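S.K.: I am attaching a structure below and will ask some questions about it afterwards.
Only the coordinates and a few stated rules stand behind these numbers; no lab work does. All figures in this text were calculated on a predicted structure; none of them were measured in a lab. Counting neighbours? That spans all protein chains shown, and the Cβs are built from the backbone with ideal geometry, glycine included.
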Ligand SMILES: Cc1cc2nc3c(=O)[nH]c(=O)nc-3n(C[C@H](O)[C@H](O)[C@H](O)COP(=O)(O)OP(=O)(O)OC[C@H]3O[C@@H](n4cnc5c(N)ncnc54)[C@H](O)[C@@H]3O)c2cc1C
Ligand SMILES: Cc1cc2nc3c(=O)[nH]c(=O)nc-3n(C[C@H](O)[C@H](O)[C@H](O)COP(=O)(O)OP(=O)(O)OC[C@H]3O[C@@H](n4cnc5c(N)ncnc54)[C@H](O)[C@@H]3O)c2cc1C
């Protein structure tokens, strides 16, 4: 079983988000980058499937060299090898084209991603890749099991419920919790990760279809109005008469 | 050229988020000097479709194929792509739901279009551009994005704009279908299981959300959250540890790694307000925080706050909420 896990390199969840003086680009100063949290669910599930059934787990990132520490981290967690497509990931469409190109060369049985990146919040790369490859994309899935060597059973979240889907391999799926319990790399993993192959490839011709022009931040709240716990009921009338939300 | 809006049904009615998408579609059509057509698939009442006229929709293409009462991605894509072609649609509008974003992403590939999800504003179209604002960095920022392809696909963030009543009478409803083959059904769900949605209010669609954290001590105390939610017609939610501890189901977990919600009113009870929690709720219009610790970080993100023990405060709120005339 050959599994591809696509990982995105994103600001840590506790990051304060700032932009350059002209508001035209994200300011990376002082920001810690991590593997996108949703992608960790995908990665761990891939490793669990490999442990149960045999095979390989390859991680793929479309990005510049500064993503390599997190690619190594994925290797330390248990992936076997890695590919970095050496390009500035301009938008989701461009990223999807790069992932599809790698997938076409390598015949993966399963392509796993996270539900969405926590920086650009696109929720789209997985479905684009599925469409580009002409294979099913099941997203977001919170359960993934193999029924036999050629069939998987997934549970997918929809608003207000879930769908149970059985598909033939190959397919694309995106992960959300509780698909797996993300792992922390151990010492042995960190040591072996250093010697695992990380292949850097140049991008195929691709096209961005969205042009990020500028950024802004939400308006600050004007401050909190405190209500005395003894008169808690007053909150309800404020919500109706002042905030007008009831 | 025209604008095409995909509307989703739920229990035969049109979802609130789809009425927002219809409003958006009509307003873009006005900007571009054209009309907005809707496409609906599966089980939706025809009178609900005709009522889309209120949002300014002039015509609805309706595919009532009962195999599509559940979500079958490839079939939905084929139907909507055909509708887009027939209507010569240059702008396609979806709600930013799991279904809308999935279909929108696949159509971006099939129609060679530019896609923006999580969109919060109408486009700026001066000078031949098409620039929309998206919510990014988990609600911590906005980005202005120029969509550069001929076909533009937009998934509108929930509760980002108010449903308008354009009052232009009933929309005409036309039967519509695409030639579906077995190929579109290879990944069709075997089964669709709907949850018991707390009093019929879907969390992602709710105007009011009452949410509980670890401060509530245990699942046996959730009647406080549920009773307040019921009195306000709200959906219920929870923090991540509450779902991890199995006090509540995972589909109620909101935050950076859970569901992102943007209701008009979010009431947080016994939740500390960790940055990852805030990332999923910070675009709520009004935030109320009830916490016994005056230093809880959530108060900094709140509009109204009560410092007190939830076990004393919430019963008072329930009583006051029940006393409201509807
Ligand atoms: C203006 C701009 C500047 C950017 N600058 C940087 C940068 O400096 N460094 C950087 O690393 N990224 C950068 N990105 C890329 C960004 O992190 C995303 O990779 C890309 O925009 C797709 O985001 P999305 O939210 O649409 O993905 P989604 O559709 O939400 O992602 C879904 C899943 O797709 C997979 N995926 C997404 N992106 C990648 C990727 N790049 N490689 C492999 N798998 C992926 C992951 O599994 C992810 O969970 C930039 C993007 C933009 C628009
Ligand atoms: C990568 C990552 C992703 C994460 N994603 C999410 C996410 O999506 N969503 C999420 O929620 N969290 C997320 N977290 C966890 C987050 O950091 C916090 O740990 C979590 O939100 C805390 O939950 P809580 O507020 O319910 O519990 P606690 O932090 O334990 O807070 C309980 C609060 O209740 C108050 N309290 C106690 N007793 C009472 C009482 N009787 N009456 C009133 N108040 C009382 C306390 O003062 C305290 O403020 C994530 C963390 C990481 C690292």
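S.K.: Nearest 0.05, what FRET efficiency do residue A:149 and residue A:12 give at R0 = 35 Å with Cβ-Cβ as r?
M.R.: The computed FRET efficiency comes out at 0.35.
S.K.: So if each residue of separation counts as 0.36 nm, and I subtract the Cα-Cα distance between residue B:30 and residue B:67, what length gain in nm does that give?
M.R.: Difference between extended and current length: 9.9 nm.
S.K.: Using a 10 Å cut-off on Cβ atoms, rank the peptides A:211-222, B:70-81 from the highest mean neighbour count down.
M.R.: Sorting A:211-222, B:70-81 by mean packing, highest first, produces B:70-81, A:211-222.
S.K.: At 4 °C and 1.567 mPa s, grab the translational diffusion coefficient of chain A from Stokes-Einstein with a Kirkwood Rh over Cα pairs, rounded to a whole number in µm² per second.
M.R.: D, rounded to a whole number, is 65 µm²/s.
S.K.: Divide, for chain B, the radius of gyration over alpha carbons by 2.2 N^0.38 Å, where N is the residue count.
M.R.: Rg over 2.2 N^0.38 Å, computed on Cα atoms: 1.05.
S.K.: Here's something else I'd like to know. Kirkwood hydrodynamic radius, computed over distinct alpha-carbon pairs, for region A:32-151: how many Å, to one decimal? Before the final figure, lay out each step's value.
M.R.: Values: mean 1/r = 0.0673 Å⁻¹.
With all distinct Cα pairs of region A:32-151 included, I get 14.9 Å.
S.K.: Going by how many other Cβ atoms sit within 10 Å of their own, how do A:83, A:190 line up, fewest first? Show your work: numbers first, answer last.
M.R.: Working: A:83 23, A:190 14.
By the 10 Å Cβ count, ascending, the order reads A:190, A:83.
S.K.: A follow-up question, please. In what order do A:194, B:214, A:156 fall by count of nearby beta-carbon atoms within 10 Å, going from fewest to most?
M.R.: A:194, B:214, A:156
S.K.: What is the gain in length, in nm to one decimal, between residue A:52 and residue A:228 on full extension, counting 0.36 nm per residue of separation less the C-alpha to C-alpha distance? Write out the running numbers ahead of the final one.
M.R.: Values: separation 176, 0.36 × 176 = 63.36 nm, distance 5.68 nm.
Between residue A:52 and residue A:228, full extension yields an extra 57.7 nm.
S.K.: Return the whole-Å distance between the Cα centroid of region B:191-267 and the Cα centroid of region B:1-40.
M.R.: 29 Å
S.K.: Taking only the alpha-carbon positions of the protein assembly as shown and ignoring solvent, what does the Debye formula give for the base-10 log of I(q)/I(0) at q = 0.06 Å⁻¹?
M.R.: At q = 0.06 Å⁻¹ the computed log10 ratios are -0.29.
S.K.: Could you state, as a whole-number percent, how many of the C-alpha pairs of region B:197-324 are farther apart than 19 Å?
M.R.: 39 percent
S.K.: For residue B:175 and residue B:322 in the same chain, what is the full-extension length gain: residue separation times 0.36 nm, less their Cα-Cα distance, in nm?
M.R.: So the extension gain works out to 48.4 nm.
S.K.: Hey, another quick one. Counting C-alpha atoms alone, how compact is region B:204-257: give Rg to one decimal and Dmax as a whole number, in angstrom.
M.R.: 10.5, 29
S.K.: Then there is this: Could you list log10 I(q)/I(0) for region B:45-126 at q = 0.11, 0.13, 0.15, 0.23 Å⁻¹, which the Debye formula gives when each Cα is one point scatterer?
M.R.: -0.33, -0.47, -0.64, -1.42
S.K.: Can you give me the C-alpha center-to-center distance between region A:197-227 and region A:1-63, rounded to a whole angstrom?
M.R.: 15 Å
S.K.: Taking the mean number of other Cβ atoms within 10 Å as a proxy for protection, how do you rank B:89-97, B:256-264, A:178-186 from highest to lowest?
M.R.: My ranking of the peptides, most packed first, is B:89-97, B:256-264, A:178-186.
S.K.: Here is a further query. Helix B:223-232 against the longest principal axis of chain B: what's the angle in degrees, Cα atoms only, rounded to the nearest 10?
M.R.: The two axes meet at around 50 degrees.
S.K.: Let me ask something additional. Counting C-alpha atoms alone, how compact is region B:96-255: give Rg to one decimal and Dmax as a whole number, in angstrom.
M.R.: In Å, with Rg to one decimal and Dmax whole: 20.2, 59.
S.K.: At q = 0.12, 0.14 Å⁻¹, what log₁₀ I(q)/I(0) does region B:2-185 have when each alpha carbon counts as one equal point scatterer in the Debye sum?
M.R.: -0.50, -0.68
S.K.: Can you compute the helix-only [θ] at 222 nm over chain A? Use -39500 (n - 2.57) per DSSP H run of at least 4 residues, normalise by all residues, nearest 500 deg cm²/dmol.
M.R.: Computed mean residue ellipticity for chain A: -8000 deg cm²/dmol.
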